[in-house]
Amino acid sequence: MDELLQMRGVRKGYGGAYIFQNLDLTVSKGRIVGLIGDNGTGKTTLLRLMAGLIPPDDGEVIRQESILGKSGISYLADSSWFYGWMKVRDAVSFYSNFYQDFDVNKARLLLQESSIEPGKKIRHLSAGEAQRLCMILAVSRKAGLYLMDEPASGMDPAFKKKLKHFLLSCLPEGAAVIMATHLLKDLETLFDDVILLKGGEALCLRTEEIREKCHKSVEEYYLEVRNNAGNA
Amino acid sequence: MLAMLKWEITKTVRRLGWICIGYLLLLCLLWVLPAGAGRIGWMQPLLLTSSTFLALGAFAGMLYPTWNMVSYFSKDSYFMERLTGVPYWKVMLAKLPAGAGELLFMMAAARAGEALMAKFCVASSHGYFSMNLSASDPVFFLEAAVFVPVMFTFFYLLFSERIKSFRMFAAFLPTVILLTGINKNGDFGWKFYTGAAVLLALMLWRAGGIASKHYE
């Protein structure tokens with residue numbers, strides 16, 4: 001399988017406490033991966049390490065530029081990252097200037113469909129609108145790897161139900177996706193693989209295996225693993 | 001690099017556009033007011049407010065290039081720009097022209113304000129606003145637009161590794177010491193500028209290296 005990204009012996013911690021001690025992970029081309037774990041297990045940290053937003057304390061994160069291509073990695077931004085003076089059109093312009101693979105027409109169409117006005121200031125958008133804007137910006141790029149941290153956060157239940165269809169229709173064929181989410185029930189059928197984070201370690205499993213061998217849904221399996229870790 | 005330069009200029013214009021327009025309107029107002037306005041009692045608060053605005057603007061304008069450089073490392077907008085993958089040293093290099101453009105405008109506005117305010121002064125009154133710099137305008141411009149932002153950012157990042165809580169103050173001291181040394185001993189000839197360019201380029205490159213390894 002084509003490997004887009006490898007993490008070898010990665011160690012990362014904050015304030016003397018380590019979230020990951022010796023993390024080894026591989027992300028392959030074309031796989032949609034669910035990143036699951038309790039709050040504080042390091043989902044956001046892992047995604048930021050993968051995106052290169054933060055450096056590891058030890059170990060290495062190897063990105064295969066030859067396979068990822070010029071486009072590289074598309075990271076789902078947080079609306080709080082935008083400057084206070086920025087309007088929706090400024091964010092589109094920013095992405096258009098910096099990312100060669102950004103499809104402005106696609107972004108504008110998706111914004112129109114979501115009824116998000118280009119002239120509105122980002123800080124005046126509702127939480128759901130802001131999150132949707134960030135998602136539109138991320139999926140309007142033709143990247144090799146998409147990293148999404150709780151993409152459904154702040155969204156209304158109606159859109160959460162459509163999220164799976166939205167992602168499948170917007171993401172290019174063959175793109176790899178790593179998505180941190182708590183919405184296992186709604187999204188687990190989307191995932192080819194899952195990464196379960198617990199105790200500083202990452203357990204990588206194929207969802208097919210969980211269903212066929214364990215005869216459980218991913219959510220049930222995760223809860224069982226979590227409860228076993230809690231009892232140990 | 002060009003995209004980052006365009007973005008930095010856009011940011012500066014969007015941040016300060018209304019302040020610059022306000023400045024221009026103030027200068028227009030001062031231009032149309034007759035010289036005798038200084039002798040009218042109720043005009044005094046307006047003239048004093050104008051001189052305060054000019055003074056604060058000049059001071060803030062002087063600090064903006066440095067603030068623009070260092071504020072890149074604040075958490076609010078850091079990740080949005082980091083995601084672009086542009087190397088730190090290129091980002092900092094792109095910030096210099098944006099800061100220089102802003103400073104040029106503020107210095108020109110301050111000098112224009114100084115000239116306009118002078119007409120309101122009468123023999124018995126104090127001057128409303130004047131800008132007296134420690135060096136000539138071009139040297140001051142170079143220091144505030146290039147020297148100080150690069151030096152301060154370099155020390156800021158250097159101390160971020162060791163004394164994060166006091167890095168702002170810690171960066172201030174060596175910057176002031178270096179600048180004082182330059183102003184006391186610099187002959188501002190071609191040798192000085194060549195040496196300064198090399199030193200600043202090294203500081204910029206090293207600052208980028210520190211940021212890429214340690215900053216988050």
When the range A:199-228 is examined, which residues are found to be part of a loop (DSSP other than H, G, I, E, B) and within 22 Å of A:V10 (Cβ to Cβ)? A:G199, A:G200
Residue list for the range B:131-144, filter: under 18 Å from B:L204 (Cα atoms) and open to solvent by less than 30 Å² (accessible area, probe 1.4 Å): B:E143, B:A144
Go over the candidates B:M62, B:M1 one by one and state the one that is touching a helix residue (DSSP H, G or I) at 6+ places or on another chain (Cβ under 7 Å) and more than 20 Å from B:M131 (Cα to Cα). B:M1
Exactly one of (1) in contact with a helix residue (DSSP H, G or I) (Cβ under 7 Å, 6 or more places away or on another chain); (2) surrounded by fewer than 18 Cβ atoms within 10 Å (Cβ to Cβ); (3) over 30 Å from B:L27 (Cβ atoms) is unmet by B:A112. Its number? (3)
Near pairs, Cβ below 9 angstrom, 6+ apart or cross-chain, from the range B:128-141 (closer than 27 Å to B:Q44 by Cβ) to any residue that is part of a loop (DSSP other than H, G, I, E, B): B:Y128/B:F120; B:Y128/B:C121
Are any of the residues in the range A:128-140 free of Cβ contacts under 8 Å to residues at least 24 places away in the same chain, over 19 Å from A:G34 (Cβ atoms) and of a type in the set (D, E, K, R)? yes
Got a sec? Which of A:E224, A:E188 is free of Cβ contacts under 8 Å to residues at least 40 places away in the same chain and more than 11 Å from A:G37 (Cβ to Cβ)? A:E224
In the range B:83-92, the residues that are open to solvent by 60 Å² or more (accessible area, probe 1.4 Å) and farther than 23 Å from A:M86 by Cβ: B:W89
Would you be able to say whether some residue in the range A:149-172 is among the charged types (D, E, K, R), touching a helix residue (DSSP H, G or I) at 6+ places or on another chain (Cβ under 7 Å) and touching a residue at least 60 places away in the same chain (Cβ under 8 Å)? yes
From the list B:V86, B:V70, exactly one residue is among the β-branched types (V, I, T) and within 12 Å of chain A (Cβ to nearest Cβ). Which is it? B:V86
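For every residue, the table says whether it meets (1) closer than 27 Å to B:L142 by Cα; (2) at pLDDT below 90; (3) open to solvent by 70 Å² or more (accessible area, probe 1.4 Å).
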site: B:K11; (1), (2), (3): yes, no, no
site: B:G22; (1), (2), (3): yes, no, no
site: B:A37; (1), (2), (3): no, yes, no
site: B:Q44; (1), (2), (3): no, yes, no
site: B:T49; (1), (2), (3): no, yes, yes
site: B:A58; (1), (2), (3): yes, yes, no
site: B:T66; (1), (2), (3): yes, no, no
site: B:D76; (1), (2), (3): no, yes, yes
site: B:E81; (1), (2), (3): yes, yes, no
Scanning the range A:108-124 residue by residue, those out of contact with any Leu (no Cβ under 8 Å at 6 or more places or on another chain) and assigned to a helix (DSSP H, G or I) turn out to be A:R108, A:L109, A:L110, A:Q112, A:E113, A:R123, A:H124
Within the range A:72-107, the residues that are within 11 Å of chain B (Cβ to nearest Cβ), buried (at least 16 other Cβ atoms within 10 Å of the Cβ) and in a loop (DSSP other than H, G, I, E, B) are A:G72, A:L76, A:A77, A:D78, A:F82, A:Y83, A:M86, A:Y99
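One line per residue, one yes/no per condition, for (1) in contact with a strand residue (DSSP E or B) (Cβ under 7 Å, 6 or more places away or on another chain); (2) polar (S, T, N, Q); (3) under 22 Å from B:M80 (Cβ atoms); (4) in contact (Cβ under 8 Å) with a residue 24 or more places away in the chain:
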| residue | (1), (2), (3), (4) |
| --- | --- |
| B:E8 | no, no, yes, yes |
| B:R15 | no, no, yes, no |
| B:C20 | no, no, no, yes |
| B:C28 | no, no, no, no |
| B:A35 | no, no, no, yes |
| B:S50 | no, yes, no, yes |
| B:L56 | no, no, no, no |
Based on what the data block shows, is A:K29 more than 14 Å from chain B (Cβ to nearest Cβ), open to solvent by less than 30 Å² (accessible area, probe 1.4 Å) and within 21 Å of A:L205 (Cα to Cα)? no
Can you tell me which residue among A:A202, A:A176, A:A180 is among the small types (G, A, S), closer than 25 Å to A:P157 by Cβ, open to solvent by less than 70 Å² (accessible area, probe 1.4 Å) and at pLDDT 80 or above? A:A180
Scan the range B:84-96 and report the pairs whose first residue is on the phi > 0 side of the Ramachandran plot and whose second residue is open to solvent by less than 50 Å² (accessible area, probe 1.4 Å) and not small (G, A, S), with Cβ atoms within less than 9 Å and a gap of 6+ or a chain change. B:G85/A:I73; B:G85/A:F98
Taking the range B:145-188 as the region of interest, how many residues are assigned to a helix (DSSP H, G or I), of a type in the set (A, V, I, L, M) and surrounded by fewer than 21 Cβ atoms within 10 Å (Cβ to Cβ)? 10
Just to check your reading of the model, which residue among A:G37, A:G52 is farther than 22 Å from A:K142 by Cα and modelled with pLDDT of 85 or more? A:G37
Specify which of the listed residues (A:G59, A:G128) is assigned by TED's automatic domain parsing to the domain that holds A:Y18 and touching a Gly at 6+ places or on another chain (Cβ under 7 Å). A:G59
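The values are calculated or read from the model by the stated rules, or taken from the named source; none is laboratory data. Since the model is a prediction, treat every value here as computed from it, not as a measurement. Glycine gets a Cβ as well: all are built from the backbone with ideal geometry, and neighbour counts include every protein chain shown. Keep in mind that these areas ignore ligands, DNA and RNA; they rest on the heavy atoms of the full protein, side chains included. Shrake-Rupley method; radii C 1.70, N 1.55, O 1.52, S 1.80 Å.
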